[in-house]
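The values are calculated or read from the model by the stated rules, or taken from the named source; none is laboratory data. Given the structure is predicted, the values throughout are model-derived calculations rather than measurements. Cβ placement follows ideal geometry from the backbone for every residue including glycine, while neighbour counts extend to all protein chains displayed.
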Amino acid sequence: MLVTTSPLLARLGIRHGFSTRRGGVSTERYATLNVGAKWGDDPAHVAHNRKRLAAAGGFSLERLFTARQVHGARVALVVDGVLPERVATVEADALVSVVPESVVGVYTADCVPIVFADGEGRVAAAHAGWRGTVQGVAPATVEALVSVGARRESIRAALGPSICAHCFEVGEEVAAEFERLAPSAVLRPAGQKPHVDLWEANRRLLLDAGLALGNIDASPPCTMCEAERFFSFRRDGAKIGQHLSFVVAR
């Protein structure tokens, strides 16, 4: 399967998806559905994989907007008439759009992708690694959606494939950041370094931003646990494939 989806957003009829590593043409460490051009895969393979993903996801690549992700909390707004190539040069870790049939997406390979929709045409996609989570990219995205007319009670958010708490071992300095942010997201297994639950941290941040508990899907699969389905930076290191998480404005 090229794409997984969230039942929460599917019930709203929102076109969205989280790509897997299956069904592409890339080889070796990029095998097979690598859609990221960051780490040296054959550009022709990446282009072919993106076409396959767009076909499976039901969206147009010409309408796909992404940004240059920098592990921060800046949110960029897609405005009609701005070419995707121009948006791709903007440094941001979340994109919001109200432009019909536009697609916003983020690339990941362990970090948490979050896609948002209010069911009334407003959508967003955010990239939340541990730094972006601490800096508040998830609530910043909610505020950006509200600024363009979304009602908090209507916003749904779905977390995509990313590293789970069992796999995400961290140092004390990172654990301390999360203990200040969301204490329930820090786990301290006996005899081990601390672990951080990025899903729980982002769930708490979304609740604090005003989303209803039932409007948050925070139970994605783990990229590190499922080597056959997903790429994982923590498991395999750099120069691997990347996933695309996307959502289409209607």
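Within the set ALA238, ALA190, the sole residue that is hydrophobic (A, V, I, L, M, F, W, C), farther than 23 Å from THR141 by Cα, surrounded by fewer than 16 Cβ atoms within 10 Å (Cβ to Cβ) and over 19 Å from the mean Cα position of the chain (by Cα) turns out to be ALA190.
Checking the stated criteria, ARG203 turns out not to satisfy the condition of being at pLDDT 95 or above, closer than 19 Å to VAL35 by Cβ and in a helix (DSSP H, G or I).
Does GLY121 satisfy the condition of being of a type outside the set (Lys, Arg), closer than 26 Å to GLY210 by Cβ and in contact (Cβ under 8 Å) with a residue 60 or more places away in the chain? Here the answer is yes, as GLY121 does meet what is asked. For PRO139, state whether it is of a type outside the set (A, V, I, L, M, F, W, C), surrounded by fewer than 22 Cβ atoms within 10 Å (Cβ to Cβ) and either in contact (Cβ under 8 Å) with a residue 60 or more places away in the chain or closer than 19 Å to ARG204 by Cβ (or both). Judged against the criteria, PRO139 is a match. Could you tell me whether PHE231 is buried (at least 19 other Cβ atoms within 10 Å of the Cβ), part of a loop (DSSP other than H, G, I, E, B) and either within 16 Å of the chain's Cα centre (by Cα) or among the small types (Gly, Ala, Ser) (or both)? Judged against the criteria, PHE231 is a match. Residues that are hydroxyl-bearing (Ser, Thr, Tyr), out of contact with any strand residue (DSSP E or B) (no Cβ under 8 Å at 6 or more places or on another chain) and in a loop (DSSP other than H, G, I, E, B) were ranked within segment 7-40; the one that is surrounded by the fewest Cβ atoms within 10 Å (Cβ to Cβ) is THR27. Contact annotation: no residue pair with Cβ atoms under 6 Å, 6 or more positions apart or on different chains, pairs a residue in segment 66-78 that is without any contact (Cβ under 8 Å) to a residue 24 or more places away in the chain and more than 13 Å from PRO113 (Cβ to Cβ) with a partner that is aromatic (Phe, Trp, Tyr) and part of a strand (DSSP E or B). Of the candidates VAL75, VAL79, the single residue that is out of contact with any Gly (no Cβ under 9 Å at 6 or more places or on another chain) and surrounded by fewer than 17 Cβ atoms within 10 Å (Cβ to Cβ) is VAL79. Filtering segment 147-187 to residues that are buried (at least 16 other Cβ atoms within 10 Å of the Cβ), without any contact (Cβ under 8 Å) to a residue 40 or more places away in the chain, among the hydrophobic types (A, V, I, L, M, F, W, C) and outside any loop (DSSP other than H, G, I, E, B) leaves ALA175, ALA185, VAL186, LEU187. Apart from one condition, GLY214 fits all of (1) under 17 Å from LEU159 (Cβ atoms); (2) in a helix (DSSP H, G or I); (3) under 19 Å from the mean Cα position of the chain (by Cα); the exception is (3).
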